[in-house]
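The values are calculated or read from the model by the stated rules, or taken from the named source; none is laboratory data. Keep in mind that what you see is a predicted model, and the values were worked out from it rather than measured. When we count neighbours, we look across all protein chains shown, and the Cβ atoms used for this are built from the backbone with ideal geometry, even at glycine.
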Amino acid sequence: MYITEDQRVKTHIERAVVVGTSATLTLAEWQRTITDFGGMCAYCLTKPFAVMEHFVPVEIAGTHVKNCVPACTGCNGKKGLSTGDGLVNLFGKETIERIASYLHSRKEGDGGDNPLVNRTEDCNNNPRSLAPIIEGDAVYSPQQFARFIGYSVLTLQRWDRQGILCAYRTPTHRRFYTHQQLTAYFEEDKTE
Ligand SMILES: [Zn+2]
């Protein structure tokens, strides 16, 4: 089954979100990783890669630029959930050190701009652009938010495009709004 790298990243980001670990890998970072291994499996370096492999299991280390490598199905299956000495026994010290030191050298954002998370120009530049989300703040779907403020979802989409009122994005690019935005909406004298 064919899967785009965009879908692959999203799937693994979702896995990390579900298990509550770091979920920051971007498409650009991942594409650079694939390129760095020449499209081959990071373990055997002889077969084309087929899957995204978490060097340390996703439940522990998440889907992160310092934890994801391309692997062939053979090496992925062989590796299972092994870590540490278990890995060295399976693949040899040299291979594991090579991959560990490669991952160590990577930095968040080193893949360059990621088209996946690029916002519209307006939302990037607008002085009312997005504040960090307050922990525990309620979040609303566009449908809920539209109902609260008495406008349609289409209007919200337009405001988002125009940078008038920007939506946040989940890792899978779904739009949402926060309670803070709702409060701010009613406090500000809104002009289009
Ligand atoms: Zn392999």
(request) Taking only the range 50-68 into account, find how many residues are at positive phi and either within 9 Å of the ligand (Cβ to nearest atom) or not small (Gly, Ala, Ser) (or both). (result) 0
(request) Output the number of the condition that Thr4 fails; it satisfies all remaining conditions of (1) without any contact (Cβ under 8 Å) to a residue 24 or more places away in the chain; (2) touching a strand residue (DSSP E or B) at 6+ places or on another chain (Cβ under 7 Å). (result) (2)
(message) Which count do you get for residues in the range 69-88 that are touching a helix residue (DSSP H, G or I) at 6+ places or on another chain (Cβ under 7 Å) and within 13 Å of the ligand (Cβ to nearest atom)?
(response) 4
(message) Quick test of your reading of the structure: Arg147 fulfils all but one of (1) modelled with pLDDT under 85; (2) under 18 Å from Phe186 (Cβ atoms). Name the failing condition by number.
(response) (1)
(message) Could you tell me how many of the residues in the range 33-49 are more than 9 Å from the ligand (Cβ to nearest atom) and within 21 Å of the chain's Cα centre (by Cα)?
(response) 6
(request) Collect the residues in the range 152-163 that are touching a residue at least 40 places away in the same chain (Cβ under 8 Å) and either touching a Pro at 6+ places or on another chain (Cβ under 8 Å) or assigned to a loop (DSSP other than H, G, I, E, B) (or both), keeping them in residue-number order. (result) Gly163
(message) Here are the criteria: (1) within 16 Å of the ligand (Cβ to nearest atom); (2) under 15 Å from the mean Cα position of the chain (by Cα). Tell me which single one Leu27 does not satisfy.
(response) (1)
